[in-house]
Amino acid sequence: MSLAYTSTQVVPEETMRVAKAALGEGNLAMQLRDKLWCVYDDQDFADLYPDRGQPGLCAWRLALVTILQFAEGLSDRQAAEAVRDRVSWKYALGLELTDDGFDASVLSEFRGRLLAEEAEYRLLNQLLRLLEAHHLLKAGGRMRTDSTHILAAVRTLNRLTCVGETLRHALNEIAQVAPRWLQSQVTGDWYERYGRRFEDYRLPKTEKERWALAATIGQDGLRLLNALETVQAPPIVQDLAAVTTLRQVWQQHYLTDGTGQVQWCAAADLPANATLIVSPYDIEARHSTKRQTDWTGYKVHVTETCDEQGPHLITHVETTPATTSDEQMIGPIHAALAHRGLLPREHLVDAGYVDSARLVDSQREYGISLLGPTPADTSWQARAGQGFDIAHFVVDWQAKTVTCPAGHTTSNWQTPHLHHGVPEIHVDFDLATCRACPCRPQCSHSKSAGRSITLRPEAQFIALQAARQRQTTADFKQQYAARSGIEGTLSQGIRLTDLRQTRYLGLAKTRLQHILIAVALNLIRVIAWLADLPLAQTRLSPFAALASLNNGAP
């Protein structure tokens, strides 16, 4: 299907007359047209369509419908219905009042084109360029980033239901493409065991019985996998994604002894959560825990501007597996902002994003001051608050010596080595010197060795110590107070667009959903800013509000 180019310039006269008469200043859809004209043009998506073929619907309208759909949290069917029966949407799309719209499946097909060409960020990038042209967005200011958990569109399964559902899923997929071959491979008890969905309430209650069922499922799965390796197996079956998932799950949950038998793995022998498949229906979803929150799914990182003189606009969203740590994302976020030409001067983040390497890399590579709570010194001296932690030692990087608070200097400077991928330098003080030192109780509890300290490379060490000192000042607290505003953005996304629940299966589709949500929120915020609507105030419960009255006095 080729692209049918359609002008964005004209709103039909009758559509305009009825829309203005019925809605006056209009709603979000009409205000987008009036204040920003058209966000997209067919040329923005020309490379997604072939040169030949039957002309399809114009791309700019599909893009705008998709954004309006996510701004209101509509399904594809509801969005298609809105095109047919809402005069405000016809106004925004430049359609005649008599236009009968399109089938809902067209929206899914449009999203598929974006994903197939890895063009999902195009919707956000084009909007950001438009906002730059309207002087509503610029580089060099302040931005803030935070993450939140995303629930996958699948059930949370325990290990037993996971392997059972994985085999059942594979059987269902094979039954659609090679029913007769599958019928020859199974016995009657398989229909009873795998004919219905695995539910925990239907499973055995005792641990012994559950282990027995797990062994039976494992043996059945191994039998099917062995049959798939024979020459009689239809080639189409071997290439099924469900079969590939079956192999992976069996490798993770079962051990084979070479005699054709499988053994159910102990929980301690399972792979790390970063690679462990937890559902056969979304093999990219992962289980993770952060503080008191346990979830199966993904994580989204939202970055937005937070300058006082302009609207707060989302400049980047990044969706990752749930097990990806926050600190791993600072580099990719800065790279994405640099690609768009929107690097901030200051970047406010929470503690999960900050470590000594990120402090240095952000400044050195992008000229960004990374502001956030730094990792605390976990030594007993620092925790006690009265011992000599690393901040009390003087490091001479040129001479490669360290002087302790008592004035003793050591040159026992070991060659840097990697510890969990992080370069470290170990420095040891002489045992005899430490034993004779009157400050020893405040410095070291070791009876067999002198004081030992661990240093990061020079730039990281200096940056970390400076950041720890900076965050104790009133200026830092005043600067960093703006970071809390990102919580309002996450709240808005959750309330308006169901941000924390993915509609789709897989990381790529979930990322596209979050990009569409970011574009929708940006448009809502721009319209509010142009209409001089004030920002909402932080909500307080009635009881908490009492504390602000007379300083909490009765």
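Structural remarks
- Of the whole protein surface, Tyr480 contributes about 40 Å² of accessible area at a 1.4 Å probe radius.
- Considering only Ser362, Leu182, Ala29, and ranking their Cα positions along the charge dipole of the chain that arises from unit charges at the beta-carbon of Lys, Arg, Asp and Glu, the one farthest toward the positive end is Ser362.
- Largest to smallest accessible area among Glu458, Glu199 [probe 1.4 Å]: Glu458, Glu199
- Candidate residues Ser362, Ser446: accessible-area rank, largest first, probe 1.4 Å: Ser446, Ser362
- For segment 222-239, the Karplus equation 6.51 cos²θ - 1.76 cosθ + 1.60, evaluated at θ = phi - 60°, returns couplings of 5, 4, 5, 5, 5, 5, 5, 8, 7, 5, 6, 5, x, x, 5, 6, 5, 9 Hz by residue, with Gly and Pro reported as x.
- Accessible surface of segment 254-351, 1.4 Å probe, proportion on carbon and sulfur as whole %: 50 percent
- Test item: Cα-centred dipole of the chain, Lys/Arg +1 and Asp/Glu -1 on Cβ, debye: 1300 debye
- Using θ = phi - 60° and Karplus 6.51 cos²θ - 1.76 cosθ + 1.60, couplings along segment 103-118 (whole Hz; Gly, Pro as x): 6, 4, 5, 5, 5, 5, 5, 5, 4, x, 5, 4, 5, 4, 9, 6
- Projecting the Cα positions of Cys434, Ala233, Ser147 onto the charge dipole of the chain (unit charges on Cβ atoms of Lys, Arg, Asp and Glu, taken about the Cα centre) puts Cys434 furthest along the positive direction.
- Accessible area (Å², per residue) of the chain, counting only protein heavy atoms and a probe of 1.4 Å: 50 Å²
- Total lysine pairs whose alpha carbons fall under 23 Å of each other in the chain (8 or more apart, or interchain): 6
- Using the Karplus relation 6.51 cos²θ - 1.76 cosθ + 1.60 with θ = phi - 60°, the per-residue 3J(HN,Hα) values for segment 56-61 come to x, 6, 5, 6, 5, 5 Hz, with x marking Gly and Pro.
- Measuring with a 1.4 angstrom probe and ignoring ligands and nucleic acids, Asp294 comes out at about 100 Å² accessible.
- Between segment 357-392 and segment 226-289, the Cα center-to-center distance that results, in Å: 43 Å
- Entry for Cα Rg over 2.2 N^0.38 Å (calculated from the structure that is shown) out of (1) 1.46; (2) 1.23; (3) 0.93: (2)
The values are calculated or read from the model by the stated rules, or taken from the named source; none is laboratory data. Keep in mind that what you see is a predicted model, and the values were worked out from it rather than measured. Methodologically, a virtual Cβ is constructed for each residue, glycine included, from the backbone with ideal geometry; neighbour enumeration extends over all protein chains shown. Please note that ligands, DNA and RNA were not included when accessible areas were found on the heavy atoms of the full protein model with its side chains. Shrake-Rupley method; radii C 1.70, N 1.55, O 1.52, S 1.80 Å.
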